[in-house]
Amino acid sequence: MAIPPSRPEVIAGENAGTRVVAQTPQIAQACRELAKLARQGDYWAARAVKYISALTSRQMKTVFVREGAKTTDSQKVYVMLVPGISLEFSQRANSDFVIHRMALDSTYAELQKAGEKPALFRVQRRGKHFQTELANQVKPEKFRAVTVSDRYSRVSSAAPPSARAAKEPMGQSMIDRAGFDMHFTPGDEKLGGLKLAEANRPERILSIRESAFLLAKTMEESRDTTGVYWISEGGGSGVLTQAMKILKSRNVTFRGSEHHVFFSKYATDLVKAQNLAYDLNLRFERTAYSTGLLSSPLDPVRASINRRKRDSESYTRLQMAADLCKGPQTVVGGVALLSSVGLGGTAGFILGAGVAGFTALNALGRAVTPSTHDKLKGKL
Amino acid sequence: MFSWPISLRKQTRYIQPRGPGIHWAPRKTVRAFGVEFSVKVPRSSLNVAGESLSCRRRVAPHSSHFEAALTDNHKWERYSLISRRWNFNGPWFIGPLANLSMHISIVSLSKQESGTSMFNPRVFESAIADLMTYYHGEQLSRNGAEQDWFAPTGWQPLAGFPCIAAKFEAVGNSKLAYFWREKYCIFPLTDEHLLEIVLPVERNKVFIHSRTEPESDTNQWINEEPMLELSDQILNSLEIRLSDKAKQQQERAIEGLNVQERKLTERFSPLKWTTE
């Protein structure tokens, strides 16, 4: 007598829609654990259960195809990634979805809290320092500021520069009173800047892929909130670029949501980021970036011309011309300061330094030692 | 050994970082609501500007000067007096590995029950319990089964001061591998106001084997002792002198209490915020 093939356990859609089955009893057990977690109120487990049940109506909104991988019956392998849960599945010829692999890691949120994994934090001022708290999604408040931080070795050291970046477009009082959300990426080196491979092709940096996936998810889910301001800080522009690239490949659009972007002291390719933002229907204010020490001085020139090309309606020629001069501001200021020493003797120096030097020193100070600049400004 | 805050090399082994010493540190005196206190404050290192803050010698902030909107829950208000941060560096251009901060501020309940005084030991203790709940009570993990912080631990009533004062710590849950630690010292200034000294110890995440995944156990790479030692030295240098008005308030608050009731409790075990 032949042994009957074991009946695969149905996880969802037994009565209606496409069936979702588990390949092995172990996976079925893991699915039951997942449902238990979701009932206890675990945010990501609840999301995962929702995604699995959405499969019964053939909705696959947040899954990716694993390129090159095929099942034994040569079907595409789909991957679903949410924090703490990774799930691989494929579709059989009889249209059933079958789950091959499922890994639950309930400690992910703890690693996020300890600053060992990329995560979204809610940042709030507490006296002179910042209090950070792990969050799952952007606070559903109108005109919320969300910063994308550079790589830092600690969450607490990422918060002050992020606040500084957020203050550029939002203003001091807004950030100090209402706080902001911060997408944090752990790491020991800054992104982009002089590392040209990273600066020119931020969408290919593998080490921030996980962070970019999370950010893309956060961005996609925040579309119901009106007017979120996405502000990248330093090398955070790389993470933002990569996240926008992911969103573009998923045909996500921000039309009607009034979300804005700002690149503070960008350290990666500005033109690429700008183009992607236009593709996603994200918006720009009159000024959409600020330059830092590690920003390419040529990018503002390219970005201004590019912006005029993409958006000739609201971005006038005059505005473009003004922006073209802005990029190498620190360089020009520094040169003016130096040349005034050589040309006009003492009187020329005092006059030249007075005019050119002040702007140059201000800009240079802000670029080189932002915290000292803030301190001096705070005292005046 | 030469420990400078310039980072040119990467850490490869267990390190005991070095920070500033207390010996030459100047003494900082502040008179808040007439109560004079002073602590030794080492000079702050250079690259942490923007964080430091010094107040005037005499302060008596009006209630509108207090910062209320700290969180959605405006239960406690704060007025910052002194803030400092000191870097602790590794030897030979390894650069900053950890830091110790100090934040001295006046805190008060935004709506205190009338007729109660912070000079009363029981009111003082319940205020501390309330303050710790305000800071850490909602920080839970594993679906509310584990709390992220334990506070107060190492409770120690301080003797030798004209008023009640207590020293304790808030520590991260070691079961969840959180290496956080904050030292606290709190004493009353007036019937409504408490003076809070917080000294949070922070250590960098160590990246040895990977550029993006930090090592899981920070204790194996950076020693915490130097930061704790400096924070103890700072707290040991504390001196308090009450004003006449504060003395009157204190007498009124402990009137009719026996000797046992005038003391702070010897034991204060960590609060439980989990619901199970």
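Scanning the stretch B:117-148 for residues that are within 11 Å of chain A (Cβ to nearest Cβ) and hydrophobic (A, V, I, L, M, F, W, C) turns up B:LEU140, B:ALA145. Pairing residues of the stretch A:14-37 that are within 21 Å of A:ARG58 (Cα to Cα) with residues that are surrounded by 13 or more Cβ atoms within 10 Å (Cβ to Cβ) and charged (D, E, K, R), at Cβ distances under 8 Å and at least 6 apart in sequence or on separate chains, gives A:THR18/A:ASP96; A:ARG19/A:ASP96; A:VAL20/A:ASP96; A:VAL21/A:GLU9; A:VAL21/A:ASP96; A:ALA22/A:GLU9; A:ILE27/A:ARG101; A:ALA28/A:GLU9. Any residue at all in the stretch A:172-183 that's more than 9 Å from chain B (Cβ to nearest Cβ) and polar (S, T, N, Q)? Yes, there is a match, as at least one residue in the stretch A:172-183 is more than 9 Å from chain B (Cβ to nearest Cβ) and polar (S, T, N, Q). Screening A:PHE143 on (1) touching a Gly at 6+ places or on another chain (Cβ under 6 Å); (2) of a type in the set (A, V, I, L, M, F, W, C); (3) within 14 Å of chain B (Cβ to nearest Cβ) shows it passes everything except condition (3). In this structure, A:SER162 does not satisfy being closer than 24 Å to A:GLU258 by Cβ and without any contact (Cβ under 8 Å) to a residue 24 or more places away in the chain. Selection of the stretch A:299-319 for residues being among the β-branched types (Val, Ile, Thr) and over 20 Å from A:SER264 (Cβ atoms) yields A:ILE305, A:THR316.
Would a scan of the stretch A:204-213 turn up a residue that is among the charged types (D, E, K, R) and more than 14 Å from every other protein chain (Cβ to nearest Cβ)? Scanning the stretch A:204-213, I find at least one residue that is among the charged types (D, E, K, R) and more than 14 Å from every other protein chain (Cβ to nearest Cβ), so the answer is yes.
Of the residues contained in the stretch B:245-265, none is found to be in contact with a Ser or Thr (Cβ under 6 Å, 6 or more places away or on another chain), surrounded by fewer than 18 Cβ atoms within 10 Å (Cβ to Cβ) and not hydrophobic (A, V, I, L, M, F, W, C). Listed here are the helices (runs of 4 or more DSSP H) enclosed by the stretch A:141-237 that have at least 2 residues being basic (Lys, Arg): A:155-170, A:209-221. Can we say A:ALA158 is among the small types (Gly, Ala, Ser), surrounded by 22 or more Cβ atoms within 10 Å (Cβ to Cβ) and at negative phi? It is true that A:ALA158 is among the small types (Gly, Ala, Ser), surrounded by 22 or more Cβ atoms within 10 Å (Cβ to Cβ) and at negative phi.
Within this structure, B:GLN112 passes the test of being surrounded by fewer than 16 Cβ atoms within 10 Å (Cβ to Cβ) and either modelled with pLDDT of 85 or more or out of contact with any helix residue (DSSP H, G or I) (no Cβ under 7 Å at 6 or more places or on another chain) (or both).
The values are calculated or read from the model by the stated rules, or taken from the named source; none is laboratory data. Please read these numbers as outputs of a predicted model, since none were measured by experiment. Here Cβ is always computed from backbone atoms with ideal geometry, including for glycine, and neighbour counts include all displayed protein chains.
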